[in-house]
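Engineer: Here you go, one structure.
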Amino acid sequence: MATSREDLRRRRGAGGEAVAAASDPGAKESRSPPAPSSLRPGTFWLTRLVLLRATAFIYFVAFLVAKHQNKALIGDQGLLPCKLYLESVKRYFKGKINLDALSYAPTLIWFLDWSSMDSVLDAFAVAGLGISSFVLVTGCANVILMASLWALYLSLINVGQVWYSFGWESQLLETGFLGIFLCPLWTLSQLPRRTPPSRIVIWGYRWLIFRIMLGAGLIKIRGDRCWRDLTCMDYHYELGQMEASTCVAVDAPWCFFSLHSSWQSNISGRGKTQPVPNPISYYMHRSPWWFHQFETLFNHFIELAVPFLIFLGRRLCLVHGILQILFQVLLIVSGNLSFLNWLTIVPSIACFDDAALGFLFSSKEQGLKARVQEMQAGEAEGKTEPLRCGCYIRKGVNLSFGVLIAFLSVPVVINLLSSRQVMNTSFNPLRIVNTYGAFGSITKDRTEVIIQGTSSLDPNDPAAIWEEYEFKCKPGDLHRRPCLISPYHYRLDWLMWFAAFQTYEQNEWIIHLAGKLLANEKEVLSLIAFNPFEGKAPPRWVRGEHYRYKFSRPGGNHARDGKWWIRKRIGPYFPPVNLEGLKKFFEARNWPQPKQDG
């Protein structure tokens, strides 16, 4: 009975509160309505936050690579000094920095002092690292910050020459450009209430991932026959494929001005994969034939069929996003493809709305998720802030942005539909909307250039001892385990793999590298993992040897000896050179003479 009376008192109390609330409308209004138990679909507040942080992460990696490597690659004493490149562009336009020069090589460096290019490159990299770190940590961004990141990286790409000639550079610029229009102009807030995420920009991201995947699928079907025979994955992990160079425009002069235009023309139109395999690649390569065929079929499904799910409603769009992200994760696990696959995940995030991404956020009171729930509840009750003049301007800007993307997409769509599809190319100098594609053609042999040095007076002496330089990640020492570095990227290692498919005459920078090794230059040695002449006198001669590499068989005799690779010498890649013999070679190209550091 006591319990029944207690329950009755509780009910009466609750009823009394209800009566009091009904008799006192002011008290009812003073209490905020209960927040919904879950987020409703159709809004993109949290999606924007995830997109901005993901973009900032990729920018951070890209600028970190630039900070560590740019001085050795394109600095004052670099392998391909960007100052010489800009001077060649300037000469082509009759010694003037006019609109033509700016459109062919858009970079802020045109307006800066070139007397210390190392300082300029460092300043750009540090500024990029600082801004991207702020956005990544706080989740706060505005047009100014995102436009700064985009302009800084655009400036580096357009002086980076062959070191920055790959499709993911343009893809980062296009992704970053979309991020500019995702933000408010000035406000630094994770949830800027007066600037809701534009659906036009969200669809811009979806259009990007659609083109990336469909372009990759079409180039395969139209390219190497092994994709149609389902045998390409038999070679993918060990041998790799060729990468298409990326020019600012189809007829862009930076291809003309590059010291390695022959490199670009020979590589153009082919696919790409992993010049630098990782440890998983070693084991994936030995999978049974039926598994490789399944991989190829799954690849075609993901790239040719799944992209169309974007246009078939919310649920199938979510399925598309999940499948694409899982696919990119598999590629990340199985190879070192720079930040390409990490970057490709970013536009896939736009397939998810707040309801789908809510699980990533805490449900704490006053947290981001709760605040979005509150905004959604307010919208449901019609409690929206009155539109201001700035809101109308913003809508006009978003509409103009959509028209711009549609206009720039016309040649891209024509290229996708063309039987002579080209990939990783830009039709505009700012690389706002680009063509993409990957893995179009597979090589059947893996060759490597091994650089060696000797202290012998006579390089032709059979008794001369040649010692090998070891790079950061590319195959060399047969006993060294393949590295795992993604999303970081060693640009020199990557280009060494491509140089192995051509001659040193087509890759003059490799002779410049030999000259710097002859002088033990510290800057370029920072790109090398092992210098056999460290702490000793520099080598008298340096040469390049050409080898064919293959994975050893797990459990086989070579593997039991600790060898990850087996190799066979093909012949010389470039003959022995010394500093005296390279002097005129350097002078003819206006390259600075190497300075001996030891």
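The values are calculated or read from the model by the stated rules, or taken from the named source; none is laboratory data. The structure presented is a predicted model; accordingly, all values stated were derived computationally and were not measured. Quick reminder, even Gly has a Cβ in these numbers, built from the backbone with ideal geometry, and neighbours come from all protein chains shown. Just so you know, the surface numbers come from the protein's heavy atoms only, side chains and all, with ligands and any DNA or RNA stripped out. Shrake-Rupley method; radii C 1.70, N 1.55, O 1.52, S 1.80 Å.
Engineer: Within segment 543-563, restricting attention to residues that are outside any strand (DSSP E or B) and in contact with a helix residue (DSSP H, G or I) (Cβ under 8 Å, 6 or more places away or on another chain), which residue is surrounded by the most Cβ atoms within 10 Å (Cβ to Cβ)? Reasoning before the result, please.
Structural biologist: We begin by selecting, within segment 543-563, every residue outside any strand (DSSP E or B); these are 552-563.
Filter again for in contact with a helix residue (DSSP H, G or I) (Cβ under 8 Å, 6 or more places away or on another chain), leaving 552-554.
Numbers: Ser552: 18, Arg553: 12, Pro554: 13.
Applying the filter and picking the extreme gives Ser552.
Engineer: Taking the criterion of being touching a helix residue (DSSP H, G or I) at 6+ places or on another chain (Cβ under 6 Å), assigned to a helix (DSSP H, G or I) and basic (Lys, Arg), would at least one residue in segment 33-51 satisfy it?
Structural biologist: No; the residues of segment 33-51 include none that is touching a helix residue (DSSP H, G or I) at 6+ places or on another chain (Cβ under 6 Å), assigned to a helix (DSSP H, G or I) and basic (Lys, Arg).
Engineer: Would you check if there is a residue in segment 461-473 being among the basic types (Lys, Arg) and either open to solvent by less than 30 Å² (accessible area, probe 1.4 Å) or under 30 Å from Leu304 (Cβ atoms) (or both)? Don't jump to the end; show me each part of the working.
Structural biologist: Within segment 461-473, the subset among the basic types (Lys, Arg) is 472.
From what is left, the residues that are either open to solvent by less than 30 Å² (accessible area, probe 1.4 Å) or under 30 Å from Leu304 (Cβ atoms) (or both) are none.
No, the conditions are met nowhere in segment 461-473.
Engineer: Could you give every pair whose Cβ atoms fall below 7 Å, whose first residue belongs to segment 79-105 and is closer than 30 Å to Asp493 by Cα and of a type in the set (Val, Ile, Thr), and whose second residue is part of a helix (DSSP H, G or I) and open to solvent by 20 Å² or more (accessible area, probe 1.4 Å), counting only separations of at least 6 or pairs across chains?
Structural biologist: Listed by first residue and then by second, the contacts come to Val89/Tyr104; Val89/Phe257.
Engineer: Going residue by residue through segment 210-222, is there one that turns out to be part of a loop (DSSP other than H, G, I, E, B) and either surrounded by fewer than 19 Cβ atoms within 10 Å (Cβ to Cβ) or at pLDDT below 85 (or both)?
Structural biologist: Going through segment 210-222, the residues part of a loop (DSSP other than H, G, I, E, B) turn out to be none.
Looking for residues that are part of a loop (DSSP other than H, G, I, E, B) and either surrounded by fewer than 19 Cβ atoms within 10 Å (Cβ to Cβ) or at pLDDT below 85 (or both), one finds none in segment 210-222, hence no.
Engineer: Is it the case, given these coordinates, that Ser115 is open to solvent by 10 Å² or more (accessible area, probe 1.4 Å) and of a type in the set (S, T, N, Q)? Show your work before the answer.
Structural biologist: Working: open to solvent by 10 Å² or more (accessible area, probe 1.4 Å): yes; of a type in the set (S, T, N, Q): yes.
In short, yes.
Engineer: For Phe530, only one of the following conditions fails: (1) under 30 Å from Leu340 (Cβ atoms); (2) touching an Asp or Glu at 6+ places or on another chain (Cβ under 9 Å); (3) exposed (fewer than 14 other Cβ atoms within 10 Å of the Cβ). What is its number?
Structural biologist: The failed condition is (3).
Engineer: Within segment 486-527, how many residues turn out to be open to solvent by less than 30 Å² (accessible area, probe 1.4 Å), farther than 16 Å from His68 by Cβ and not in a loop (DSSP other than H, G, I, E, B)?
Structural biologist: 14
Engineer: Please state which of the following conditions Ile566 fails to meet, knowing it meets all the rest: (1) of a type in the set (Val, Ile, Thr); (2) outside any strand (DSSP E or B); (3) open to solvent by 50 Å² or more (accessible area, probe 1.4 Å).
Structural biologist: Ile566 satisfies every listed condition except (2).
Engineer: Could you check, for segment 573-590, whether at least one of its residues is outside any strand (DSSP E or B), open to solvent by less than 50 Å² (accessible area, probe 1.4 Å) and among the aromatic types (Phe, Trp, Tyr)?
Structural biologist: Within segment 573-590, the subset outside any strand (DSSP E or B) is 578-590.
Keeping just the survivors that are open to solvent by less than 50 Å² (accessible area, probe 1.4 Å) gives 578-579, 582, 586.
Next cut, among the aromatic types (Phe, Trp, Tyr) only: 586.
Yes, segment 573-590 contains at least one residue that is outside any strand (DSSP E or B), open to solvent by less than 50 Å² (accessible area, probe 1.4 Å) and among the aromatic types (Phe, Trp, Tyr).
Engineer: Is there any pair with a first residue in segment 388-416 that is modelled with pLDDT of 95 or more and a second that is among the small types (Gly, Ala, Ser) whose Cβ atoms are under 7 Å apart and which are 6 or more apart or on different chains, and what are they?
Structural biologist: Correct list of pairs: Ile405/Gly204.
Engineer: Would you be able to say whether some residue in segment 468-479 is assigned to a strand (DSSP E or B) and either over 24 Å from the mean Cα position of the chain (by Cα) or not hydrophobic (A, V, I, L, M, F, W, C) (or both)?
Structural biologist: Just the residues of segment 468-479 that are assigned to a strand (DSSP E or B), to begin with: 468, 470-471.
Those still in the list that are either over 24 Å from the mean Cα position of the chain (by Cα) or not hydrophobic (A, V, I, L, M, F, W, C) (or both) too: 468, 470.
Taking every residue of segment 468-479 in turn, at least one turns out to be assigned to a strand (DSSP E or B) and either over 24 Å from the mean Cα position of the chain (by Cα) or not hydrophobic (A, V, I, L, M, F, W, C) (or both).
Engineer: Right, Cys351: surrounded by fewer than 12 Cβ atoms within 10 Å (Cβ to Cβ) and either of a type outside the set (A, V, I, L, M) or more than 30 Å from Cys473 (Cβ to Cβ) (or both) or not?
Structural biologist: Values: surrounded by fewer than 12 Cβ atoms within 10 Å (Cβ to Cβ): no; either of a type outside the set (A, V, I, L, M) or more than 30 Å from Cys473 (Cβ to Cβ) (or both): yes.
So Cys351 does not fit the description; no.
For (1) among the basic types (Lys, Arg); (2) without any contact (Cβ under 8 Å) to a residue 12 or more places away in the chain; (3) open to solvent by 20 Å² or more (accessible area, probe 1.4 Å); (4) closer than 22 Å to Leu39 by Cβ, each residue gets a yes or a no:
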| site | (1), (2), (3), (4) |
| --- | --- |
| Ile310 | no, no, no, yes |
| Leu318 | no, no, yes, yes |
| Phe327 | no, no, no, no |
| Val333 | no, no, yes, no |
| Thr344 | no, no, no, no |
| Ala355 | no, no, yes, yes |
| Phe359 | no, yes, yes, yes |
| Lys364 | yes, yes, yes, yes |
| Arg371 | yes, no, yes, yes |
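Engineer: For segment 300-407, which fully contained helices (runs of 4 or more DSSP H) count at least 2 residues that are under 16 Å from Thr195 (Cα atoms) and more than 29 Å from the chain's Cα centre (by Cα)?
Structural biologist: On the way: elements: 314-334, 340-348, 354-357, 368-380.
So the answer is 368-380.
Engineer: Now a separate question. Say whether the condition of being within 31 Å of the chain's Cα centre (by Cα), modelled with pLDDT of 95 or more and not hydrophobic (A, V, I, L, M, F, W, C) is met by at least one residue in segment 549-565. Break it down stepwise before answering.
Structural biologist: Taking segment 549-565 first, the residues within 31 Å of the chain's Cα centre (by Cα) are 549-552, 564-565.
The next check asks that each one be modelled with pLDDT of 95 or more; those that pass are none.
No.
Engineer: I need every pair where a residue in segment 124-145 that is open to solvent by 40 Å² or more (accessible area, probe 1.4 Å) has its Cβ under 7 Å from the Cβ of a residue that is basic (Lys, Arg), sequence separation at least 6 or different chains.
Structural biologist: So the pair list comes out as Val126/Lys67; Leu136/Arg53.
Engineer: Return the total of residues in segment 71-89 being in a helix (DSSP H, G or I), touching a Lys or Arg at 6+ places or on another chain (Cβ under 7 Å) and not hydrophobic (A, V, I, L, M, F, W, C).
Structural biologist: Taking segment 71-89 as the starting set, the residues that turn out to be in a helix (DSSP H, G or I) are 71-74, 82-89.
Narrowing further to those that are touching a Lys or Arg at 6+ places or on another chain (Cβ under 7 Å): 73.
Subsequent filtering for residues that are not hydrophobic (A, V, I, L, M, F, W, C) retains none.
Here the count works out to 0.
Engineer: Can you pull out every residue in segment 154-201 that is part of a helix (DSSP H, G or I), β-branched (Val, Ile, Thr) and crowded, with 20+ Cβ neighbours inside 10 Å? Break it down stepwise before answering.
Structural biologist: Taking segment 154-201 first, the residues part of a helix (DSSP H, G or I) are 154-157, 161-164, 167-180, 199-201.
Next, only the ones that are β-branched (Val, Ile, Thr) stay: 157, 162, 175, 180, 200-201.
Selection gives Ile157, Val162, Thr175, Ile180, Val201.
Engineer: Now, a different point. Looking at segment 465-489, I want the residues that are closer than 17 Å to Arg548 by Cβ and have a partner that is open to solvent by 30 Å² or more (accessible area, probe 1.4 Å) with Cβ atoms under 6 Å, at least 6 apart or on another chain. Which pairs are those?
Structural biologist: Listed by first residue and then by second, the contacts come to Leu478/Lys563.
Engineer: Let me ask another. Among the basic types (Lys, Arg), within 26 Å of Ser119 (Cβ to Cβ) and either surrounded by fewer than 20 Cβ atoms within 10 Å (Cβ to Cβ) or in contact (Cβ under 8 Å) with a residue 60 or more places away in the chain (or both): is that true of Arg446 in this structure?
Structural biologist: No, not satisfied.
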